[in-house]
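Handing you a structure now.
The values are calculated or read from the model by the stated rules, or taken from the named source; none is laboratory data. The structure presented is a predicted model; accordingly, all values stated were derived computationally and were not measured. For neighbour counting, all protein chains shown are included, and Cβ atoms are generated from backbone atoms with ideal geometry for every residue, glycine included. All accessible areas refer to the heavy atoms of the entire protein, side chains included, with ligands and DNA or RNA removed. Shrake-Rupley method; radii C 1.70, N 1.55, O 1.52, S 1.80 Å.
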Amino acid sequence: MATITVPDHTSPVEDAENLRKACEGWGTNENTIVSILGHRNAVQRKQIRQAYEEIYQEDLIKRLESELKGEFEKAVYRWILDPADRDAILAHVAARNAKSDNRTIIEIACIRSPEELLAAKRAYHFRYKHSLEEDVASRTTGDFRKLLVALVSTYRYDGDEVDVSLAGSEAKILHNMIEGKSFNHEEVIRILSTRSKAQLNATFNRYKDTHGASITKSLSGNPADEFSEALCIAIQCIRSPQKYFEKVLRNAINKVGTDEDAITRVIVTRAEKDLKDIKDLYHKRNNASLEHAISKDTSGDYKIFLLTLLGCEEL
Amino acid sequence: MALPGDLDALTKAFSGFGVDENSIISILGKWHPEQRKSFRKGFPQFFREDKRLFERWDERHIAFLEHEFLRFKNAMVLWTLHPWERDARLAKEALAKGDYDILVEIACTRSSEELLGARRAYHSLFDHSIEEDVAYSVNDSNRNLLVALVSSYRYEGARVNEEIAETEAKTLSEAIKNAEKRPIENEEVVRIITTRSKLHLKAVFNYYKEISGTTTEEDLEEGSSLSYTIQCISSPKTYFSKILASALKGSADEKNKQALTRVIVTQADSYMKEISEEYHKQHGVSLSQKIEETTNGNYKDFLLTLVARGD
């Protein structure tokens, strides 16, 4: 479930005007920006951008980029974009940067629906004049590349039909690879990157039934190389996105020197989807609410914005 | 007794490419029993004397005729299908028969959105994604290339990075000349060919020619998936014209003949004009004329109508 709260009636024109006022003159009224944008869904944010452009002949996003700073600016920038555009930008940053950002690409490839992934790839074409596949492929090598490119290129069947005996045989293939009995990465890549999510979850279930431990448990512990790490992330993302995101948030918060990038990414991309479920999981796992943890670990307008997206009323 | 002209017409109607329905109606339809009997006795290639004293129709020839009668119907159905459904069904059949060249053709000559549409239709028709079926069915060295090709969603804009194209041409050249390893098993080759935009790849192939003096087609193994891939991407019209020429040759086998329907139906609204011009250039005779000479009946008329749309 989503966490953001949205008023019953909103006027894009009024919002645009109020945002303009917040940016005019000395300094910026960040509270206004948070209280408006933090309570608008994707459709409304798009309408506000359009209204702002029509009235002031200026791109609201560019205006906000110049008025705001630091983590707050990054968060607002990502929040105000169209989801497909946002994914394209996140993917681009990740594809160009150090290894540690491959999580983002795997998240986008495995957690978005097939149509959302497609929209992200189109947005990527438009923005960067390249395909996401070619950029990911040209910066990676070996089995890691094969897995990543395959995950990004796939257009999975999105129905519920499942072949039970296939689930059994493919669970076996995965098991053999995990136990180190076989180094056939091709088959594992094939299964993970082409089967439908329903089929894969059936496969993961058979794995658990047959071997006692879930496949994610079997894969945990220090991954030997970037391929194994990517495999692990992909499986977690397909099996349970919410659990995966809870873990990302937990690690980001517990890390010495908080990982704001990760926190922003998770909260901004899930606030309209399943952040409530992620919050609940976080509370169960950490005996403290996510809002409390974020309050302690972040500050200023950035903190207030995050808490707004988390659905906090009393600020 | 039958007139010689009639016999010729019927022979042609019974052995060609498609069936001459009109001759069958006007000649065969009018013959009384004695005439039909003497036709059966006079044509051992279609009928033979059975020991129980009747002229028996050769079974393979009946099967052949059924096939030929179906050509018009198949062409009509293929034409009427939504292009996405058409490509999805063609791909499914190609995969089942191991006709990887047809898979390559669909993946490489359609636009990014057309290929995407075919993948959608495939979901609906077969409850699987095309990539999972290709990955599962293809177990030889072609797998990586084919899966990547059917999954591709290429950038289609005009921007090309010339430096990268030149570097990638060098990579391609080294990989193809390398005697140790087949180019299709080279990851870099597959990466370049299956992810880069078509415009970028055309630049790569041009640099390749500059660097090595030969074209990729000349250097690659003929009939290999990689060779088809590069042909389809660099010049669809040349590729299609070649296929049509094979289909219209006297020695064409069934697979080649089916290509005639497939190419004309799938290209009638795309590259048909360029293909006709290229065919004329390569063979000195117009495509329409060759179709007129080689095929029969409604099938022929249907093909000619589709080809003429390009004019």
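What is the Cα coordinate range of chain A on the first, second and third principal axes, sorted by size from largest, in whole angstrom?
Principal extents (Cα only, largest first): 67, 46, 36 Å.
Could you pull the accessible area for B:Thr195 with a 1.4 Å probe, rounded to 10 Å²?
The accessible area comes out at roughly 10 Å².
Compute the FRET efficiency between B:Lys242 and A:Arg96 as 1/(1 + (r/R0)^6), taking r as their Cβ-Cβ distance and R0 = 35 Å, and round to the nearest 0.05.
So the FRET efficiency works out to roughly 0.25.
Right, here's the next one. Treat every Asp and Glu Cβ in chain B as -1 and every Lys and Arg Cβ as +1, leave all other atoms uncharged, and give the resulting dipole magnitude about the Cα centre to the nearest 20 debye.
The dipole of chain B has a size of about 980 debye.
Something else about it: In debye, nearest 20: dipole of region A:241-309 around its Cα centre with unit charges on the Cβ of K, R (+) and D, E (-)?
280
Determine, from the Cβ-Cβ distance of A:Thr141 and A:Asn201 and an R0 of 45 Å, the FRET efficiency 1/(1 + (r/R0)^6), rounded to the nearest 0.05. Kindly include the intermediate steps, with their values, before the conclusion.
Details: r = 30 Å, r/R0 = 0.67.
About 0.90, to the nearest 0.05.
Kindly provide log₁₀ I(q)/I(0) values, in the same order as q = 0.08, 0.11, 0.14 Å⁻¹, from the Debye equation applied to equal alpha-carbon scatterers of chain B.
The calculated log intensity ratios at q = 0.08, 0.11, 0.14 Å⁻¹ are -0.46, -0.77, -1.09.
Which values of log₁₀ I(q)/I(0), to two decimal places, follow from the Debye formula for region B:154-234 at q = 0.19, 0.24 Å⁻¹ with a uniform point scatterer at every Cα?
-0.76, -1.24
Charges only on Cβ, +1 for Lys and Arg, -1 for Asp and Glu: so what's the dipole of region A:83-153 about the Cα centre, in debye to the nearest 20?
That gives a dipole near 180 debye.
Taking Cα atoms, how many degrees apart are the long axis of helix A:197-211 and the longest axis of chain A, rounded to 10 and kept between 0 and 90?
Roughly 50 degrees between the two axes.
I want to verify the translational diffusion coefficient of the protein assembly as shown in µm²/s; compute it with Stokes-Einstein, Rh as the Kirkwood radius over Cα pairs, at 20 °C and 1.002 mPa s.
Reported coefficient: 75 µm²/s.
Separate question: Counting only the heavy atoms of the protein chains, how much of A:Met1 is accessible to a 1.4 Å probe, in Å² to the nearest 10?
The accessible area comes out at roughly 130 Å².
Just going by the charge dipole of chain B, with Lys and Arg at +1 and Asp and Glu at -1 on Cβ, which of B:Gln231, B:Thr195, B:Ala13 is farthest out on the positive end?
Value computed over the given set: B:Ala13.
Testing the spin-label approximation: label points 7 Å from Cα along Cα→Cβ at A:Lys217 and A:Asn184. State their distance in nm.
2.7
For chain A, modelled as a Gaussian network with Cα springs under 10 Å, which listed residue fluctuates most, A:Ala213, A:Ala95, A:Ala224?
Most flexible of the set in this elastic network: A:Ala224.
When only the heavy atoms of the protein chains count and the probe is 1.4 Å, how do B:Trp84, A:Trp26 rank by accessible area, highest first?
So the residues, ranked largest to smallest area, are A:Trp26, B:Trp84.
Also, quick follow-up: For B:Asp301 and B:Gln35, compute 0.36 nm times the residue count separating them, minus their Cα-Cα distance, and round to one decimal in nm. All intermediate terms of the calculation are to be shown ahead of the outcome.
On the way: separation 266, 0.36 × 266 = 95.76 nm, distance 2.92 nm.
Once the chain is fully extended between B:Asp301 and B:Gln35, it gains 92.8 nm.
Under a 5 Å amide H to amide H cut-off, with H placed in plane at 1.01 Å, what residues pair with B:Phe47 once short-range neighbours are removed?
Answer set, sorted by chain and number: B:Asp58.
Same structure, new question: Order B:Glu222, A:Glu14, most accessible first, counting only protein heavy atoms with a 1.4 angstrom probe.
B:Glu222, A:Glu14
Could you work out the Kirkwood radius for region B:11-104, taking every pair of different alpha carbons, averaging 1/r and inverting it, reported in Å?
Computed over region B:11-104, the radius equals 16.2 Å.
Next question. Ignoring everything but the protein chains, give the 1.4 Å probe accessible area of B:Ser235 in square angstrom, nearest 10.
So the heavy atoms of B:Ser235 present about 30 Å² to solvent.
List the cysteines of chain A that have no other Cys Cβ closer than 4.7 Å: which are they?
A:Cys23, A:Cys232, A:Cys312
Would you tell me the mean number of C-beta atoms belonging to other protein chains that fall within 10 Å of each C-beta in B:119-125, as a whole number?
3
What FRET efficiency comes out for the pair B:Asp311/B:Glu210, r = Cβ-Cβ distance, R0 = 51 Å, nearest 0.05?
0.90
Here's a follow-up. Compute the acute angle (0 to 90°) between the alpha-carbon long axis of helix A:12-23 and the principal axis of greatest extent of the alpha-carbon atoms of chain A; round to the nearest 10°.
80
For chain A, take the longest principal axis of its alpha carbons; what is the angle in degrees between that and the long axis of helix A:142-153, to the nearest 10 within 0 to 90?
60
Something else about it: Can you give the log10 of the normalised intensity I(q)/I(0) at q = 0.16 Å⁻¹, computed with Debye over equal Cα scatterers of region A:192-243?
-0.46
Between B:Asn74 and B:Asp50, what is the spin-label point distance in nm, taking each point 7 Å from the Cα along the Cα→C-beta axis?
2.8
Which parts of region A:257-301 would a label at A:Val6 reach, counting a residue when its backbone N lies under 19 Å from a point 7 Å out along Cα-to-Cβ?
What the label zone holds, given the 19 Å backbone N cut-off, is A:267-277.
Using 7 Å Cα-to-Cβ label points, what is the A:Lys276/B:Glu254 separation (nm, one decimal)?
For the pair A:Lys276/B:Glu254, the computed spacing is 6.0 nm.
Can you compute the helix-only [θ] at 222 nm over the protein assembly as shown? Use -39500 (n - 2.57) per DSSP H run of at least 4 residues, normalise by all residues, nearest 500 deg cm²/dmol.
Counting only the DSSP helices, I get -21500 deg cm²/dmol.
Pick out the long, greasy-scoring helices in chain B: whole DSSP H runs spanning 15 Å or more along their own axis by Cα, mean Kyte-Doolittle at least 0.0.
Helix filter hits for chain B: B:236-248, B:297-308.
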